[in-house]
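One structure below.
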2 protein chains.
Amino acid sequence: MPLAHDAPTRLAVSTVIFALRPDSVGRPVLWTPLVRRTREPQRGFWALPGGWLPPNEELEVAAARTLRSTTGLAPKYLEQLYTFGEVDRSPEARVVSVVYWALVQSDEAARATAGPNVRWVPADTLPELAFDHNRIIEYALWRLRNKVEYAQIAHSFLGETFTLAELREVYEAVLQRSLDPANFRRQMIASGRLRETGERLAGAPHRPPKLYRYDTSAATAESREPFMRERPAS
Amino acid sequence: MPLAHDAPTRLAVSTVIFALRPDSVGRPVLWTPLVRRTREPQRGFWALPGGWLPPNEELEVAAARTLRSTTGLAPKYLEQLYTFGEVDRSPEARVVSVVYWALVQSDEAARATAGPNVRWVPADTLPELAFDHNRIIEYALWRLRNKVEYAQIAHSFLGETFTLAELREVYEAVLQRSLDPANFRRQMIASGRLRETGERLAGAPHRPPKLYRYDTSAATAESREPFMRERPAS
DNA sequence: GCAAAAGTGTTTAGCGTACACCCATGT
DNA sequence: ACATGGGTGTACGCTAAACACTTTTGC
């Protein structure tokens with residue numbers, strides 16, 4: 001079915017947002033917030049947070065604003081994912097969506113705003129979503145799991161300081177497999193991007209672990225990608 | 001300077017095209033075709049091939065069509081690169097460009113159409129281009145050089161059959177360093193994606209090398225990325 | 001036979017994995 | 001003291017890099 005010849009192509013920005021939340025057994029797994037569509041087309045279906053691109057707003061800023069308005073949070077990591085533009089991905093009008101993906105701090109996400117039209121769901125067991133949004137989230141998951149293996153982004157789920165065990169739990173949750181604590185420690189230290197804070201986390205009935213901080217200035221030239229900012233727009 | 005409030009955001013598709021051509025010393029290096037802008041803004045400057053997105057055309061098809069109209073060629077590899085949408089990247093109007101990158105067969109590119117408004121230039125020593133196109137090509141180069149190291153795309157510069165020496169020359173030209181022929185051979189064979197044709201390339205004053213063919217069906221599930229097609233749209 | 005590139009064999013170094021073991025704290 | 005996770009040491013296996021060596025052609 002051809003589109004109306006006078007309908008202009010519309011440009012939207014959407015964001016796939018990831019945070020870690022405990023599942024029913026208490027182990028952290030990936031969750032993502034969705035919004036309920038309140039108008040046609042696809043009214044009532046859950047969809048990615050997003051909206052039309054304002055003429056004077058940067059793409060990345062639009063993604064961050066969307067994130068903030070649906071979760072109340074600021075992204076700790078934000079990157080362009082892909083642009084989806086199939087002619088038939090939305091009925092009636094041609095819609096090209098520039099999609100971003102974001103990581104937010106998990107303990108903040110636990111207290112994130114939610115309402116009747118915002119719902120967090122486990123990213124690996126999605127319901128049927130509006131448009132091609134299932135496919136988009138699956139692609140974002142693929143990218144996240146790939147990128148965690150070679151880029152230092154896992155700390156974006158955590159706060160300013162963290163223990164190596166906490167960091168390892170993030171990797172294990174994202175990659176869905178357990179990692180050797182001893183080797184994990186050495187790999188992280190060898191990367192040269194962790195700085196000891198000098199403090200330890202006390203209170204547990206065992207040896208108190210050191211607290212680390214991610215060193216943003218230690219990113220080497222080889223590993224740096226174009227267009228990557230230290231602080232995403234908010 | 002704010003944009004006119006009634007000017008809609010426009011959507012364009014551009015393509016960074018790479019082929020290998022001999023430099024002055026005869027060694028293959030990366031070249032890319034540019035088109036001269038014949039209207040304002042930036043009239044007279046060289047720019048990436050591209051144009052406005054037709055309402056009923058797929059993004060990838062638009063990229064392939066652009067490629068064909070400027071070079072007369074069909075892409076052997078075509079992938080979305082990034083979407084550039086900075087508010088001020090084009091004067092007067094907000095333009096969001098979905099940029100693709102493509103690899104074309106080098107011996108075909110040698111006979112490619114060129115005219116007063118199409119020029120091939122070495123990709124590593126670009127003149128000053130229109131808009132942000134210098135930055136776009138530099139990013140495409142970065143992506144190409146990264147991806148060649150972990151994905152099997154180098155054969156896209158070659159014809160149906162090729163020798164391991166020819167394939168190695170592609171890698172050397174893209175990565176700008178020489179590779180050990182013995183180890184290169186073993187790595188390629190070990191990848192399991194090359195098939196012997198049973199033929200050899202005769203005529204040179206030395207032992208005739210075997211001819212190989214790239215086996216598209218041998219791509220494993222682990223290495224496959226979403227949205228990758230065997231045959232790009234043309 | 002000789003030159004030159006194709007193709008094979010072998011050694012070494014680095015790195016990730018597996019796992020044994022010691023350390024430090026709260027109870 | 002002891003249980004528990006933090007943290008260290010070490011051996012193994014795989015792979016890439018380096019390079020010596022053999023093979024096969026045209027001249």
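Averaged over the residues of peptide A:83-91, the number of Cβ atoms from other protein chains lying within 10 Å of each residue's Cβ is 4. Among B:Phe227, B:Phe157, the sequence by solvent-accessible area, most first, with a 1.4 Å probe is B:Phe227, B:Phe157.
Note the angle between two axes, namely the Cα long axis of helix A:164-175 and the longest principal axis of the Cα atoms of chain A, as a number of degrees from 0 to 90, rounded to the nearest 10. Helix A:164-175 and the main axis of chain A meet at about 30 degrees. Calculation over all alpha carbon pairs of chain A in 10 angstrom steps from 0 returns a P(r) of 7, 30, 34, 19, 8, 2, 0 percent.
Give the share of C-alpha pairs in each 5 angstrom bin for the range B:105-234, from 0 to the last occupied bin, in whole percents, shortest bins first. So the P(r) values, bin by bin, are 2, 8, 15, 19, 20, 15, 11, 7, 3, 1, 0.
In a reduced charge model with +1 at each Lys and Arg Cβ and -1 at each Asp and Glu Cβ, the range A:153-218 shows a dipole moment near 200 debye about its Cα centre.
Shortest first, A:Leu201 label-point distances to identical copies amount to 5.8 nm, with the label point at 7 Å from Cα along Cα→Cβ. Remark: accessible surface ordering of B:Ser97, B:Ser191, A:Ser69 (largest first) is A:Ser69, B:Ser191, B:Ser97, probe radius 1.4 Å. Between the listed residues A:Gly203, A:Leu158, A:Pro33, the Cα displaced farthest toward the positive end of the dipole of chain A, a dipole computed from Cβ unit charges relative to the Cα centre, is found at A:Gly203. The tail of the calculated P(r) for the protein assembly as shown beyond 29 Å holds 56 percent of all Cα-Cα pairs.
Here the translational diffusion coefficient of the range A:1-90 follows from Stokes-Einstein with Rh set to the Kirkwood radius across Cα pairs; for 20 °C and 1.002 mPa s it amounts to 141 µm²/s.
Counting Lys and Arg as +1 and Asp and Glu as -1 over every other residue whose Cβ lies under 14 Å from the Cβ of A:Val99, the net charge comes to -2. With the helix formula -39500 (n - 2.57) applied to DSSP H stretches of n ≥ 4, chain A reaches a computed 222 nm mean residue ellipticity of -8000 deg cm²/dmol.
Taking the label point 7 Å along Cα→Cβ, A:Val121 and its counterparts in the other copies are spaced 4.8 nm apart, in ascending order. Chain A versus the axis that turns it onto chain B: the residue with the nearest Cβ and the distance in whole Å amount to A:Thr83, 2.
B:His155 contributes about 30 Å² of solvent-accessible surface, heavy atoms of the protein only, 1.4 Å probe. Here A:Glu108 sits with roughly 70 square angstrom of accessible surface, probe radius 1.4 Å. Measuring with a 1.4 angstrom probe and ignoring ligands and nucleic acids, A:Tyr212 comes out at about 10 Å² accessible.
A cut-off of 5 Å between modelled amide H atoms, ignoring neighbours fewer than 5 places along the same chain, links A:Leu81 with A:Val99, A:Tyr100, A:Trp101. Here the dipole of chain B is about 520 debye; that uses its Cα centre as origin and unit charges on the Cβ of Lys and Arg (positive) and Asp and Glu (negative). Take each residue in B:51-61, count the other chain C-beta atoms within 10 Å of its C-beta, and the mean is 4. Close amide H pairs (under 5 Å, H built 1.01 Å from N) link B:Phe18 with B:Ala102, B:Leu103, B:Val104, residues at least 5 positions away or on another chain. Normalised by 2.2 N^0.38 Å, where N counts its residues, the alpha-carbon radius of gyration of the range B:159-218 equals 1.13. In this structure, the amide hydrogen of A:Leu73, modeled 1.01 Å from its nitrogen in the peptide plane, lies closer than 5 angstrom to no residue at least 5 positions away or on a different chain.
Taken one residue at a time, the phi angles of the range B:11-16 give Karplus couplings (6.51, -1.76, 1.60, θ = phi - 60°) of 10, 10, 10, 10, 9, 8 Hz. Gly and Pro are set to x.
Assuming charge only on the beta carbon of Lys and Arg (+1) and of Asp and Glu (-1), the dipole of the range A:55-95 about its Cα centre is about 200 debye to the nearest 20. The Cβ shell under 10 Å around B:Arg168 holds other residues with a net charge of -3, Lys and Arg each +1, Asp and Glu each -1. Ignoring lysines fewer than eight residues from A:Lys147 along the same chain, the ones with Cα atoms less than 18 angstrom from its Cα are A:Lys76, B:Lys147.
Summing Lys, Arg as +1 and Asp, Glu as -1, what charge do residues with Cβ under 15 Å from the Cβ of A:Asp88 carry, A:Asp88 excluded? With Lys, Arg at +1 and Asp, Glu at -1, the neighbours total -2.
Once R0 is set to 56 Å, what does the formula 1/(1 + (r/R0)^6) return for the Cβ-Cβ distance between B:Arg207 and A:Arg111, expressed as a FRET efficiency to the nearest 0.05?
0.20
Across identical copies of the chain, A:Ala233 has label-point separations of 2.7 nm, listed in ascending order, with the point defined 7 angstrom from Cα along Cα→Cβ. For chain A, averaging the sequence separation of C-alpha pairs within contact (under 8 Å, six or more residues apart) and dividing by the residue count gives a relative contact order of 22 percent. For the listed peptides A:15-21, B:137-143, B:58-64, A:177-183, a ranking on the average number of other beta carbons within 10 Å per residue, highest first, reads A:15-21, B:58-64, B:137-143, A:177-183.
The values are calculated or read from the model by the stated rules, or taken from the named source; none is laboratory data. Computed from a predicted structure; not experimentally measured. Heads up, the Cβs are rebuilt from the backbone with ideal geometry, glycines too, and the neighbour counts pull from every protein chain shown. Quick note on the areas: whole protein, heavy atoms, side chains included, nothing else; ligands and nucleic acids left out. Shrake-Rupley method; radii C 1.70, N 1.55, O 1.52, S 1.80 Å.
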